[in-house]
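Heads up: the structure comes next, in structure tokens.
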Protein chains: 2
Amino acid sequence: MENIDDKDLKLLKLLQNNAKLTVKELAREISLSLSPAFERVKRLENEGYIKKYAAILNAEKLNRGFTVLCQIKLKIHDKSVGNDFVKQILKIDEIVECYNISGDYDFFLKVQAKDMKHYQDFVFNTLGCVDAIGSTHSTFVMAEVKNSHGLNM
Amino acid sequence: MENIDDKDLKLLKLLQNNAKLTVKELAREISLSLSPAFERVKRLENEGYIKKYAAILNAEKLNRGFTVLCQIKLKIHDKSVGNDFVKQILKIDEIVECYNISGDYDFFLKVQAKDMKHYQDFVFNTLGCVDAIGSTHSTFVMAEVKNSHGLNM
DNA sequence: CCTGAAAAAACCTTAGG
DNA sequence: CCTAAGGTTTTTTCAGG
């Protein structure tokens, strides 16, 4: 893994916050001229520091403003059941994140639904069809206090 | 709130996945010519469907690949303590997300640290200095199974 | 690492259908 | 909604220090 300096880090911060900044603007921010700034951005992209550029969408306006944190226990802890579970999780749109976790539960899901009614339907009719699931525990998000959409550096 | 059609939805999906697509490419994908495609994107931006454009960074390469889900109970449940807590949370870099939640705990944090050692230091020296906190419970992420970095539509 | 120039591409607007 | 044109800006490359 290669090294990055303060200017690279600043570029990453700036682009994380606003991917539409032009090379000219970035160059000014890091006190370099256009060419080296451009080269740095390309290097950060090529070396994988920047995974991709994405539009951050408004979940509320797209009927996905109801966030639930859902913990899951598998019925049986073997490889094939786990693989089966993962395969199904990947196909479910409401699940935006899934982590294999330590503790009493096996998986942690972040679910984005329209509202409580939608979530109930999701639990019964979507999760309910995932055979590997033993039990679930839902925690409801009442308010989003902080969401950096990335790293704070 | 205005309505969006299938083409708008497709634009949002495409841009969520890759914000660097040109208007020409987007136009081709939704089978429209350049001008209306351009107008649609601007409309989606202006009406707030697109909150911003961001570079998605590689947490691993930036020494933030160790993810912990941390639940927090406040000492006292009054407005000033809550506000105080929130104000401090916003300033802590390792905390990338924070939600006010239902259930036994009051807040849910997603923490990105370098490694366990860094996390331990974070719990003792950073969270340890947040006066409002009554108790914490850490759940460690062993593997990221799914992360859409947005909505699945 | 830098400056500066310049080609190529994309953006954005406007006019007309 | 479309095409087409044209100015502006940005991207990208390249020569030379």
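Can you name the residue in the stretch A:131-149 that is part of a loop (DSSP other than H, G, I, E, B) and buried (at least 18 other Cβ atoms within 10 Å of the Cβ) and, of all such residues, is farthest from the other protein chains (Cβ to nearest Cβ)?
Out of the qualifying residues, it is A:A132.
Would you mind telling me which numbered condition in (1) surrounded by 14 or more Cβ atoms within 10 Å (Cβ to Cβ); (2) more than 9 Å from DNA strand D (Cβ to nearest atom); (3) over 22 Å from B:L11 (Cβ atoms) A:L62 fails?
(3)
Examine the stretch A:95-109 for a residue that is away from DNA strand D (no atom under 16 Å from the Cβ) and open to solvent by 50 Å² or more (accessible area, probe 1.4 Å), and state whether such a residue exists.
Yes, the stretch A:95-109 contains at least one residue that is away from DNA strand D (no atom under 16 Å from the Cβ) and open to solvent by 50 Å² or more (accessible area, probe 1.4 Å).
Please enumerate the residues belonging to the stretch A:67-87 that are within 11 Å of chain B (Cβ to nearest Cβ) and more than 19 Å from A:F140 (Cβ to Cβ).
Matches in the stretch A:67-87: A:G82, A:N83, A:F85, A:V86, A:K87.
Restricting attention to the stretch B:107-148, report how many residues are basic (K, R) and touching a residue at least 40 places away in the same chain (Cβ under 8 Å).
The number of residues fulfilling the criteria is 2.
Out of the residues in the stretch A:25-49 meeting the condition of being within 16 Å of DNA strand C (Cβ to nearest atom) and facing another protein chain (nearest Cβ under 10 Å), tell me which one is farthest from B:A19 (Cα to Cα).
Restricting to residues being within 16 Å of DNA strand C (Cβ to nearest atom) and facing another protein chain (nearest Cβ under 10 Å), the top hit is A:E47.
Of the residues that sit in the stretch A:1-52 and are of a type in the set (V, I, T) and not in a strand (DSSP E or B), which one is modelled with the lowest pLDDT?
A:I4
The values are calculated or read from the model by the stated rules, or taken from the named source; none is laboratory data. Being a predicted model, the structure only gives us computed values, none of them experimental. As a convention, Cβ positions derive from the backbone with ideal geometry for all residues, glycine included, and neighbour counts pool all protein chains shown. The area values use the complete protein model at the heavy-atom level, side chains included, leaving out ligands, DNA and RNA. Shrake-Rupley method; radii C 1.70, N 1.55, O 1.52, S 1.80 Å.
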